[in-house]
1. Out of the residues in the stretch 74-92 that are buried (at least 19 other Cβ atoms within 10 Å of the Cβ) and acidic (Asp, Glu), which is farthest from Gly165 (Cα to Cα)?
2. Residues being over 20 Å from the mean Cα position of the chain (by Cα) and assigned to a helix (DSSP H, G or I): count how many of those fall in the stretch 417-431.
3. Could you list, ordered by first residue, the pairs with Cβ atoms under 6 Å in which the first is in the stretch 449-467 and within 15 Å of Val231 (Cα to Cα) and basic (Lys, Arg) and the second is surrounded by fewer than 20 Cβ atoms within 10 Å (Cβ to Cβ) and at pLDDT 50 or above, at least 6 apart or interchain?
4. Scan the stretch 63-110 for residues that are more than 17 Å from the chain's Cα centre (by Cα) and closer than 21 Å to Phe290 by Cβ and jot them down.
5. With the requirement that a residue be of a type in the set (A, V, I, L, M, F, W, C) and closer than 19 Å to Glu323 by Cβ, what does the stretch 203-227 give you?
6. Only residues in the stretch 300-327 that are on the phi > 0 side of the Ramachandran plot count as the first member; pair them with residues that are assigned to a loop (DSSP other than H, G, I, E, B) and buried (at least 18 other Cβ atoms within 10 Å of the Cβ), Cβ under 8 angstrom, at least 6 apart or cross-chain, and list the lot.
7. Somewhere in the stretch 458-473, is a residue in the same structural domain as Met291 (by TED's automatic domain parsing), modelled with pLDDT of 50 or more and part of a loop (DSSP other than H, G, I, E, B)?
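The values are calculated or read from the model by the stated rules, or taken from the named source; none is laboratory data. Computed from a prediction, not measured in an experiment: that's the story for all the values here. In this analysis, Cβ positions are derived from the backbone assuming ideal geometry, glycine residues included, and neighbour counts consider all displayed protein chains.
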Amino acid sequence: MFTKILIANRGEIACRVAATARRLAVQTVAVYSDADANAKHVAACDEAVHIGGSAPKDSYLRWETIIAAAQATGAQAIHPGYGFLSENEEFAQACAKAGLVFIGPPASAILAMGLKAESKQLMEKAGVPLVPGYHGKDQDPALLQREADRIGYPVLIKASAGGGGKGMRAVDKAEDFAAALASCKREAINSFGDDAVLIEKYVQRPRHIEIQVFGDTQGNYVYLFERDCSVQRRHQKVLEEAPAPGMTEAFRQQMGEAAVAAARAVQYVGAGTVEFIVEQKPDGSMTFFFMEMNTRLQVEHPVTEAITGQDLVEWQLRVASGESLPLQQHELRIQGHAIEARICAENPDNNFLPATGTLQVYGLPAHVTFERASHGTRVDSGVRQWDTISPFYDSMVAKLIVHGATREEALARLDSALAQTHIVGLATNVQFLRHVTTSASFAQANLDTALIPREAAALFHQDKLGLPLAAAALVAHTRRSGGAHGAGGVDTRRADRCHGLA
């Protein structure tokens with residue numbers, strides 16, 4: 001095991017990693033920007049190094065400065081958290097060249113899974129199910145039109161290097177394809193510097209179910225079951241739960257084995273998540289298709305920790321230090337049900353506009369922190385009362401995680417915990433989350449990525465005429481950008497941005 005690591009991140013994930021490191025007697029080094037000089041994650045670590053200005057490009061994305069800080073403090077390894085540099089293969093390579101362990105997968109695995117089209121070609125060779133589509137390099141518009149016609153409408157056009165819903169269009173009929181393709185390519189080149197697209201069958205009313213996988217340097221792999229992340233707004237997750245409602249043991253095993261096959265195909269090491277689109281057929285049966293692999297720890301990892309009783313950050317540290325996986329597949333068990341709610345500084349009734357300000361009141365329910373919420377409540381947070389939520393980073397204030405013996409018990413505990421959450425000083429989505437969790441669709445586990453638009457009348461404030469204006473805007477945005485199975489959170493591999501919320 002390492003004796004000292006540097007955490008190349010901020011906020012709740014930096015605090016989360018520091019907590020496990022402390023329990024394992026591993027010293028920690030924080031890095032911080034001008035805006036984070038007095039941040040909670042700085043106080044949570046044993047040492048701290050200033051790395052630059054408030055904007056991510058001036059601090060948390062400056063990997064040369066971060067590596068220099070690790071070397072200067074004697075850190076042996078760097079934990080990237082999620083977002084920022086966590087899926088940057090150049091950073092992973094630079095760590096290796098500097099003699100530092102990157103607590104994550106090999107750079108080759110990050111690169112292999114970094115582009116949607118190439119990764120799907122790789123998955124096809126590995127026998128992982130794919131949505132019917134075209135993932136080729138030939139981008140001739142006439143060819144793309146023919147491929148769309150072959151696949152059958154509706155289809156979804158997606159930027160190969162994209163994420164967060166950008167460069168994505170749903171097309172209902174052949175005569176609309178050319179205009180949608182041109183629009184998608186313009187947005188893709190502006191957002192990602194790459195206008196290559198892929199085309200897929202548009203799966204209507206899909207569920208977004210992902211599998212947590214782990215690999216070690218000895219070639220061992222396991223899956224730590226699934227998470228249902230279908231409840232999303234603007235292609236970013238709002239609520240996550242484990243296990244997925246309605247999942248059978250046979251279907252879980254099929255998905256788990258497919259996820260492990262994906263990890264083996266790129267010789268994956270460490271924590272990763274394989275995301276799938278799941279389609280429920282009229283007869284009640286389900287089928288699944290590979291969407292993408294996130295080559296890092298996920299924001300929603302606590303629900304997996306709750307149902308398995310495992311500390312995934314500890315697993316990361318042990319695997320990165322050369323140890324084998326702590327458990328084999330047959331030793332892993334599901335215990336109860338867990339749900340995570342992302343508490344964000346935003347205004348749901350104003351198209352989820354991010355909010356900034358000071359946490360004048362920051363009241364949370366009684367909870368444990370960073371440990372398994374065994375039939376209880378856990379809060380992961382990187383802020384304290386009187387801290388400022390700035391415009392420089394993402395809007396997530398905290399993650400509220402509950403665990404119960406059953407889904408119904410977990411739901412009741414989540415509503416109680418949200419009712420005890422009081423934040424004053426800026427707008428938050430706490431009341432919106434309560435509306436979602438008590439909506440008919442969520443309560444009855446009628447889940448798909450269009451749940452929020454479908455339940456709009458119950459979730460958003462109404463105007464004098466009784467029309468849900470914020471809801472209408474969200475529905476329009478969802479349809480314009482492709483909605484449904486394009487959802488997957490913010491892609492942080494090639495973008496200058498802070499914590500990715502995928």
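1. Here the answer is Glu89.
2. Matching residues across the stretch 417-431 total 4.
3. No pair meets every condition.
4. Glu89, Pro106, Ser108, Ala109
5. Hits for the stretch 203-227 are Val213, Phe214, Val222, Leu224.
6. Cβ pairs passing all conditions: Gly309/Arg372.
7. For the stretch 458-473, residues in the same structural domain as Met291 (by TED's automatic domain parsing), modelled with pLDDT of 50 or more and part of a loop (DSSP other than H, G, I, E, B): present.
Results for (1) closer than 20 Å to Arg233 by Cβ; (2) among the β-branched types (Val, Ile, Thr), shown as yes or no for each residue.
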| site | (1), (2) |
| --- | --- |
| Val368 | no, yes |
| Glu371 | no, no |
| Thr388 | no, yes |
| Met396 | yes, no |
| Arg407 | no, no |
| Leu414 | yes, no |
| Ser441 | yes, no |
